[in-house]
Structures are given as structure tokens and as C-alpha cells.
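This is the structure I want to talk about, given as C-alpha cells.
The values are calculated or read from the model by the stated rules, or taken from the named source; none is laboratory data. No experiment lies behind these values; they were computed from the predicted model shown. Please note: Cβ atoms are built from the backbone with ideal geometry, for glycine as well, and neighbour counts cover all protein chains shown.
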């Protein structure tokens, strides 16, 4: 394979098998596509703007050696597709895990994880306020977790935490390649002056939380749209019965 198609190929193979298994009869994920596309689009637009901003700041960048050469502003086409392909694959995994594993974190332990995680993120962001990737990522994720904990009070966080343990497996594979594992140079490079400088193999420590924020936003909106539809159907049914 021509190396300029590497990032494109990573996107393609990330979504290929989740897409093919989306039609599994006993749990047909394709029937939920109507809720999925908006759940991908809205966070995707937010992250693309963020991505563009950080690319211009030099927080990270992209190796043209592995790109086809098509850009949207400062972002390669492959990076834009990343925010479609990876969320699709991960929301599919979230659904599959919750279909196959009936065990759930109870609310007490969900709240404890949220409290500990958000506190650690806020403290780290405050200490390293001068490192853009660390501070912005940790602060935004902490705020999003606290919204789940104190404002929305849904059961999404508990289900997500369990599923994210499984999502981390393909995450480390994909992100590992993108950050240089097994190839001569990274597809995506990082300015270590803007992060903690801690690497898990070749992957910056912050990527785990950046990915968590993206995917939790996808899942939260996906679940909200389904519940809103269910509520609409319930109200419509109640109106029919009253007639």
C-alpha cells in the first residue's frame, strides 16, 4: 500500500467491521442510525474547530508523508473523517458491550468514579494551566463529567465507563499507529511543550481523555435522542388513549 494512504486506510478499517456488523439481526444497530448521525455530527463539528485551533497553534500537526493531500483549512481530509469513523465504531462498541454484558455499575460507584476523575482532571489542569493540550482537555472533560453527575443525572456515565474499558483496546491500536508505533514517523505529531510529556508507548497520556470526551459526547447525545423519541411516542400513545 502506498504510504500516503495510511491515515485513510486506518479510518476505513476502523469503521469497516462495525459497519458490517451493524446489520446483525438480533441487535440491528442500523435501525438506530437516525439517532447516530446527529450524535456524530454535533460533537464532530466542535472537535474539528478545536482541532483546527490547536493545529494553528502548533500543539499538534500532521505528517504529509501519510496523507492524500486534501485539506479543509489546516486539517487533512483524513483528520476530518476521523471524527466520523472513530465515533461510529465506538458508539457501535458501546451498544454491543451493553447488549452483551448486562452487568451495570450502580449509581454509587458511578458517582464515586466521576467525583475522583473530575477532581483529578481539574487539579491537573490547574497545575499545568500553561500546557494547552493538558489544560483544555482535562478541563472540558471534567466539566462534562460534572454535568452528568449534578445536572443531567442520567445512567449514561455508568454504562459508558464499562464500555470504555473495551473501547480502549482498539483505541490503543489505532492511536498507537497514528502516533508512530510500527512506522518510521508518526502520522500525527505532538508538541510536548503543550502536554505532560508522558507517553503510553507512543501515545500521549492526554489522548485517553481527549478520546473519552469525544466519545462520551457522542454517546450522551445518542442516548438523549433515543429517549426523546421514546418520550414522544409515549406522549402520543397517551393522547390516543384519551380520545
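What residue, among those in region 189-201 that are in contact (Cβ under 8 Å) with a residue 24 or more places away in the chain, surrounded by fewer than 19 Cβ atoms within 10 Å (Cβ to Cβ) and over 15 Å from residue 62 (Cα atoms), is farthest from the chain's Cα centre (by Cα)?
Within region 189-201, the first condition is being in contact (Cβ under 8 Å) with a residue 24 or more places away in the chain, and the residues that meet it are 189-191, 193-196, 200-201.
With surrounded by fewer than 19 Cβ atoms within 10 Å (Cβ to Cβ) added as a condition, the list becomes 189, 191, 193, 196, 200-201.
With over 15 Å from residue 62 (Cα atoms) added as a condition, the list becomes 193, 196, 200-201.
Values: 193: 24, 196: 21, 200: 18, 201: 20 Å.
So, considering only residues that are in contact (Cβ under 8 Å) with a residue 24 or more places away in the chain, surrounded by fewer than 19 Cβ atoms within 10 Å (Cβ to Cβ) and over 15 Å from residue 62 (Cα atoms), the one farthest from the chain's Cα centre (by Cα) is 193.
If you don't mind, there's one more thing I want to ask. Does region 5-51 hold any residues that are under 20 Å from residue 189 (Cβ atoms) and exposed (fewer than 15 other Cβ atoms within 10 Å of the Cβ), and which are they?
Correct list: 5 only.
Here's something else I'd like to know. Here are some conditions: (1) touching a helix residue (DSSP H, G or I) at 6+ places or on another chain (Cβ under 8 Å); (2) modelled with pLDDT of 95 or more; (3) part of a helix (DSSP H, G or I). Residue 45 meets all but one. Which one does it not meet?
So residue 45 meets the others, but not (1).
Do we find that residue 160 is closer than 20 Å to residue 50 by Cβ and at pLDDT 95 or above in this structure? It would help to see each step written out before you state the result.
On the way: closer than 20 Å to residue 50 by Cβ: no; at pLDDT 95 or above: yes.
In short, no.
For region 175-188, check the following and say yes or no: at least one residue is closer than 21 Å to residue 66 by Cα, surrounded by fewer than 16 Cβ atoms within 10 Å (Cβ to Cβ) and touching a residue at least 60 places away in the same chain (Cβ under 8 Å).
yes
Does region 106-113 contain at least one residue that is over 25 Å from residue 170 (Cα atoms), in contact with a helix residue (DSSP H, G or I) (Cβ under 9 Å, 6 or more places away or on another chain) and assigned to a loop (DSSP other than H, G, I, E, B)?
Going residue by residue through region 106-113, those that are over 25 Å from residue 170 (Cα atoms) are 106-109, 111-112.
Those left that are additionally in contact with a helix residue (DSSP H, G or I) (Cβ under 9 Å, 6 or more places away or on another chain): 106-107, 109, 111.
Okay, now just the ones that are also assigned to a loop (DSSP other than H, G, I, E, B), so 106.
Within region 106-113, one or more residues are over 25 Å from residue 170 (Cα atoms), in contact with a helix residue (DSSP H, G or I) (Cβ under 9 Å, 6 or more places away or on another chain) and assigned to a loop (DSSP other than H, G, I, E, B).
Going by the structure shown, is residue 127 surrounded by fewer than 20 Cβ atoms within 10 Å (Cβ to Cβ), more than 30 Å from residue 106 (Cβ to Cβ) and modelled with pLDDT of 95 or more? Don't jump to the end; show me each part of the working.
On the way: surrounded by fewer than 20 Cβ atoms within 10 Å (Cβ to Cβ): yes; more than 30 Å from residue 106 (Cβ to Cβ): yes; modelled with pLDDT of 95 or more: yes.
Yes: the conditions hold for residue 127.
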